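The values are calculated or read from the model by the stated rules, or taken from the named source; none is laboratory data. These figures come from a predicted structure and were not determined experimentally. Ideal geometry is used to build each Cβ from the backbone, glycine not excepted, and the neighbour counts take in all protein chains shown.
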Amino acid sequence: MQNLNFTYEDDKHRLHHLNDVAIDLVRGQSIALVGESGSGKSTLLNLLRGLQKPQGVSVAVDGVTMPYGLRHLAAATTLMPQDPEIFADTIAFNIAFGMEADRAEMLDAVEAARFASVLGRLPDGLETNIAEKGVNLSGGEKQRLALARGIFFARESSIILMDEPTSSVDTANERLIYSAVLKKFADRCLVSSIHKLHLLELFDCIYVLDNGRVVESGTFSQLLAKDGQLAAMWRNYQLVSADQLVPLHA
């Protein structure tokens, strides 16, 4: 994907834009998007999912230009958002949206999302209604439930997009979730915006965005050795988050 350009103004009159963004989406590769708030990470994911239309882009698959651009990708894409909706219904409904679904596939998604321990303490398992008195899910648990939904619906997708869907999950569980999801979708292309930089070592390739542009790309070790923007972000992150970091090789 090359020459991606996009500009729009939201309802709070904030300008969002991407300028000449080029990214290689490769099957079997995991990609992390890194940058400060407003750098364009979520905007890029929304465009890839087809939720917004770019002003210009060139998309090629196996060297063949696609005349419909990003619309060619959207149908094969699943997006896991940061703030998904949780419904006052059963756990099963929240995962499969009421569709007839294989129980084993739902439980597999639950396991990958690290929601199994939560499910185990609920009175009726998958059939527990979260609107019932006494059934209280924390913010992190709701995110893990929504993530199980995303994993469930991504079964047939070629491209998996994750927009910081674990922002309320504790650090230890978050790393385990990403490890499980990356393993589960190892044969797909997975793209995730990342705020907690200790997760970057898990990814094959990193794109650093700044003010709507890709300013660096490479592996985690390559970008640290380059001593550029990502390296500076990493040093600052280590200072600020030293008490929360999980050892990189844990």
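Condition check ((1) assigned to a loop (DSSP other than H, G, I, E, B); (2) modelled with pLDDT of 90 or more; (3) of a type in the set (Ser, Thr, Tyr)) across all residues:
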residue: VAL57; (1), (2), (3): no, no, no
residue: TYR68; (1), (2), (3): yes, no, yes
residue: LEU79; (1), (2), (3): no, yes, no
residue: PRO84; (1), (2), (3): yes, no, no
residue: ASP108; (1), (2), (3): no, yes, no
residue: LEU119; (1), (2), (3): no, yes, no
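Could you check, for the stretch 231-241, whether at least one of its residues is in contact with a strand residue (DSSP E or B) (Cβ under 8 Å, 6 or more places away or on another chain) and farther than 30 Å from ALA109 by Cα?
Yes: the stretch 231-241 contains one or more residues that are in contact with a strand residue (DSSP E or B) (Cβ under 8 Å, 6 or more places away or on another chain) and farther than 30 Å from ALA109 by Cα.
Provide a single number: the residues in the stretch 74-115 that are in contact with a Leu (Cβ under 9 Å, 6 or more places away or on another chain) and touching a residue at least 40 places away in the same chain (Cβ under 8 Å).
Selection size over the stretch 74-115: 16.
How about the stretch 206-229: which of its residues are under 19 Å from LEU190 (Cβ atoms) and aliphatic (A, V, I, L, M)?
Residues satisfying the conditions are ILE206, VAL208, LEU209, VAL214, LEU223.
List the pairs whose first member sits in the stretch 119-132 and is of a type outside the set (Lys, Arg), whose second member is loosely packed, with under 11 Cβ neighbours inside 10 Å, and whose Cβ atoms are under 6 Å apart, counting only residues at least 6 apart or on separate chains?
The qualifying pairs are ALA131/ALA88.
So which residues in the stretch 77-118 are more than 22 Å from VAL169 (Cα to Cα) and surrounded by fewer than 13 Cβ atoms within 10 Å (Cβ to Cβ), if there are any at all?
GLY98, MET99, GLU100, ASP102, ARG103, ALA104
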